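Any read-out appearing in this document is the output of simple, stated calculations on the displayed coordinates, not a laboratory observation. If you're wondering where the values come from, they're calculated on a predicted model, not measured in any experiment. All Cβ positions, glycine included, derive from the backbone under ideal geometry; neighbour counts span all protein chains shown.
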Amino acid sequence: MSTICALPKVSRCVLRLGTDGMRLICLLVAGLLAPSVAFAASADARAAAMLAGDTSVTTWLAILPILVPMIGSGLCLMLRHRVTWQAPIAMVALLLATLFALLLNGVVAANGPLVMSAGNWLPPFGIVLTVDRLGALFVLATCVVGLAGFFYARRDIDEERTAFGFYTFYCLLIAGVCGTFSTGDIFNLYVWFEVFLVSSFGLLILGGERIQLDGAVKYGVLNLIATTIFLIAVGVLYGFTGTLNMADIRGVIAAMDSGPLATVAALFVMAFAMKAAAFPLHFWLPASYHTPRIVVAAVFAGLLTKVGIYSLLRVMIMIFGEKGAVYLPILGWMGVATAILGGLGALAQTNLRRMAAFLVVSGIGVMLIGFGLGTAAGLTGAVVYAIHSILAMTGIFLAVGAAERLGGGLTIAGANIYARSGLIAGLFLVFAFAAAGLPPFSGFWPKLMLVQASLETAGALGIAGVIGIILSGFLTTITAGKAWALTFLKPTDDGEIEGPSLQPGTRSARAGILILAALVVLLGIVPQLVIEPAREGVAGLLDPSAYVTRVLVETH
């Protein structure tokens with residue numbers, strides 16, 4: 001309790017540091033922009049760099065899934081003393097963000113990439129939001145998971161944690177993740193990383209328990225190292241290319257020699273592999289994801305590692321293109337090791353949350369196998385698996401959280417969950433089977449696609465990819481069976497069912513889990529809902545001519 005009471009002081013210090021930091025940043029930016037005063041003074045040059053006319057209503061869809069949760073976060077912070085107002089504000093923000101993400105997907109599918117120029121400065125002079133088929137798909141998955149997590153949070157988050165800013169951090173996290181999937185500027189990709197990283201720190205330590213602080217240190221140190229490496233890579237890349245616009249960088253890199261770019265690409269691979277929790281940089285995830293509130297761990301498991309996978313796709317495939325191909329086999333072999341060792345780690349656990357965390361790691365390995373193949377089929381399978389994993393991993397953590405409340409503990413031991421709530425026990429099995437890649441659930445199709453892509457790839461990596469995918473699924477199935485038999489079916493030692501304190505969660509919490517379970521089943525039955533957008537998104541990465549034209553030509 002003393003730690004919790006100290007949090008307002010910590011918050012004030014953070015805000016003070018943030019204010020001073022913003023002043024310093026403003027001074028630095030002013031200094032950096034000073035050489036451009038002469039350019040700005042020239043009316044003709046300025047006119048050539050500015051967007052003529054007003055921004056269309058449709059174009060605003062590029063920013064609304066980011067802007068609305070960010071506004072919700074700000075309102076929750078401003079009205080932090082109105083505890084009962086926090087959840088309704090967050091709910092409206094997340095519902096609207098999901099609606100705008102659906103509209104965004106429809107517009108991008110019909111008209112191609114959507115570009116919004118910040119401040120009406122045309123690219124490559126200004127910052128742009130550029131949402132293509134791939135980015136729109138990830139934005140929609142983020143908003144859906146954010147909404148499902150919110151419903152569960154109504155049961156998991158008490159008034160005390162609400163008062164200390166849970167919904168402020170939560171909405172900011174969703175905005176930051178959507179921002180990473182929407183930006184067309186590589187430095188702003190780093191900025192959005194920092195946005196969701198700061199909010200994730202707040203969510204990790206909310207409550208101030210010793211185990212939370214321990215997990216936050218492990219999570220924070222590795223992620224700060226990764227973002228520092230990322231920032232260094234961006235700076236070096238800017239030194240080589242003289243631009244930060246992704247579409248513009250693509251053209252500059254295509255005309256450069258591969259030699260100077262090898263080190264830069266290696267830095268990006270290292271940073272994003274750490275973010276994605278790929279072997280041997282995966283150990284921070286199981287050491288930290290079991291410490292926060294279960295809804296926080298669930299959203300982290302679903303979204304944050306996929307940001308690393310998406311960034312690898314965007315940077316290594318679209319920006320570096322053939323110049324980054326040398327690192328793809330390395331990522332493929334990392335994926336094989338990650339998939340197998342993650343499955344073995346899950347099997348060895350007696351803690352349900354740590355078991356689920358290792359399943360997240362194993363899934364990252366499966367995605368990297370598809371990434372390492374470097375083919376359109378392999379990359380499409382990786383994207384489809386990423387969307388499946390966003391839904392299934394969030395769901396399995398929420399189901400574990402519900403089982404904890406029913407059984408009263410974290411350890412895999414006789415809890416007779418099935419007798420207490422057949423619904424929760426069944427939903428856990430749905431998510432576990434989906435993670436294992438069993439039909440008719442969402443994980444089956446991407447694993448089948450990746451096995452086929454591996455078989456079509458000549459060489460040792462193709463064979464190793466098949467072995468890694470099948471073995472990880474086998475280990476996940478055994479892990480799920482172990483948890484089901486020992487926790488969900490096995491009676492308690494005294495054979496009695498506990499009293500009302502361990503009754504199932506509220507309707508809101510179960511609604512969040514049911515939303516994800518329904519989507520996992522739907523995508524297993526109708527996989528084309530994800531496969532087609534993923535295929536179009538990957539085609540846009542491998543041949544970004546439409547992306548480049550929309551950003552650098554059609555906006556002028």
| For L471 and W60, what is the calculated FRET efficiency with R₀ set at 60 Å and r taken between the beta-carbons, to the nearest 0.05? | 0.80
| field | Among 465-471, 210-216, the order from most to least packed when residues are scored by Cβ within 10 Å on average | value | 465-471, 210-216
| Considering only V145, G401, F444, whose Cα is most displaced toward the positive end of the charge dipole of region 58-552, charges sitting on Cβ of Lys, Arg (+1) and Asp, Glu (-1)? | G401
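Would you mind calculating the gained length between T549 and T84 on full extension (0.36 nm times residue separation, minus the Cα-Cα distance), in nm to one decimal? Spell out each step's value before the answer.
Numbers: separation 465, 0.36 × 465 = 167.40 nm, distance 4.82 nm.
Additional length available on full extension: 162.6 nm.
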| Distance violations [Cα-Cα > 25 Å] among K275/K447; K306/K447; K218/K306; K218/K490 | K218/K490
| note | Counting only residues 5 or more apart in sequence or on a different chain, those whose built amide H sits under 5 Å from that of G443 are G437
| query | If you compute Kirkwood radius over Cα pairs in Å for the structure shown, which of (1) 23.8; (2) 28.4; (3) 24.5 do you land on? | reply | (1)
| message | Take A376 and L542, extend 7 Å from each Cα along the Cα→Cβ direction, and tell me the distance between the two endpoints in nm. | response | 0.5
| message | For a Förster distance of 25 Å, can you work out the FRET efficiency between the beta-carbons of V198 and I330, rounded to the nearest 0.05? | response | 0.20
| field | Two-site label geometry, D214 and V526: point separation in nm, points 7 Å out along Cα→Cβ | value | 4.7
